[in-house]
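Structure first, then comments.
The values are calculated or read from the model by the stated rules, or taken from the named source; none is laboratory data. This is a predicted model, so every value here is computed, not measured. Note: ideal-geometry Cβ built from the backbone for every residue, glycine included; neighbour counts use all protein chains shown. When the accessible area is computed, the model is the full protein with side chains, heavy atoms only, and any ligands, DNA or RNA have been set aside. Shrake-Rupley method; radii C 1.70, N 1.55, O 1.52, S 1.80 Å.
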Amino acid sequence: MSKLKLNLRKLPVPEKIAKAREIIAALTGNPDFPTPNPSLAAATTVTNDLETAYHDRQVHKQAGEVKTATQNEREDVFDRTFTQLAAHVESIAGDNERMIKSAGMDTRAPAASSTAPPDAPQSLNITTGDADGEVDLSWEPVDGAKSYQIEQSPDPVTATSWKHASATTKSKATIEGLTSGTRYSFRVAAVGTNGQGAWSNPVSKIAP
């Protein structure tokens, strides 16, 4: 298994941007990686583009789908660029932890021999989405999670009121098609090699 760990797809956009700045700074003038590929100029450009799209979306929330689509497109370009950059670092550093860390990147912890499913997600947060009937969910990434299952329930919550809402490989999701003015509760569970873990503590919000 590769020793280098990037996991950009699991990070919220602000954390991606901060990590990118850290990597670019670490690689600038780094004698172990004299000719990064993609170039640091290209990495800086996609980082700036993603940051602009993210702030543009925050300022123009009412614009809805167009702004979301722009951010998603630039986030995909960003992820591809830094995945390629990580592959370049790995091709030179191999399993050399010092070299990997000198590039501003993280290394994987030794694999734990566990047969347990992933832990319950923590810090589940809910905010108003870009359009009516939408909410945005986010939570802390769970070690060992391959994907996440999301369930929703109208009030009042009962043992049988939970229904499947969405599934995602990222630690965030947008839930659409809600009835405005109705209070909903949401919970998330991580799914790993050994099955689905426990549900998170639920959060609730009145759909916009």
- In the neighbourhood of residue 155 defined by beta carbon distances under 12 Å, the net charge of the other residues (Lys, Arg +1; Asp, Glu -1) is +2
- Message: Suppose every Lys and Arg Cβ carries +1 and every Asp and Glu Cβ carries -1, with no other charges. What dipole size does the chain come out with about its Cα centre, to the nearest 20 debye?
- Response: 280
- Message: Between helix 13-27 and the chain, what is the angle of the helix's C-alpha long axis to the longest principal axis, kept within 0 to 90° and rounded to the nearest 10?
- Response: 10
- Could you work out the mean projected area of the convex hull around the alpha carbons of segment 74-132, in square nanometres to one decimal? 7.5
- Task: In nm, give the distance between the simple-model label positions of residue 174 and residue 158, each being 7 Å from the Cα along the Cα-to-Cβ direction.
- Result: 3.3
- Cα axis of helix 65-93 to longest principal axis of the chain: angle in degrees, 0 to 90, nearest 10? 40
- For the chain, what is the accessible area per residue in Å² when the probe is 1.4 Å? 53
- Per residue Cα convex hull volume for the chain, in cubic angstrom? 113
- Report, in degrees rounded to the nearest 10, the 0 to 90 angle that the Cα long axis of helix 40-59 makes with the longest principal axis of the chain. 20
- Message: Please report the carbon-and-sulfur percent of the accessible area for the chain; probe 1.4 Å, protein heavy atoms only, DNA, RNA and ligands left out.
- Response: 50
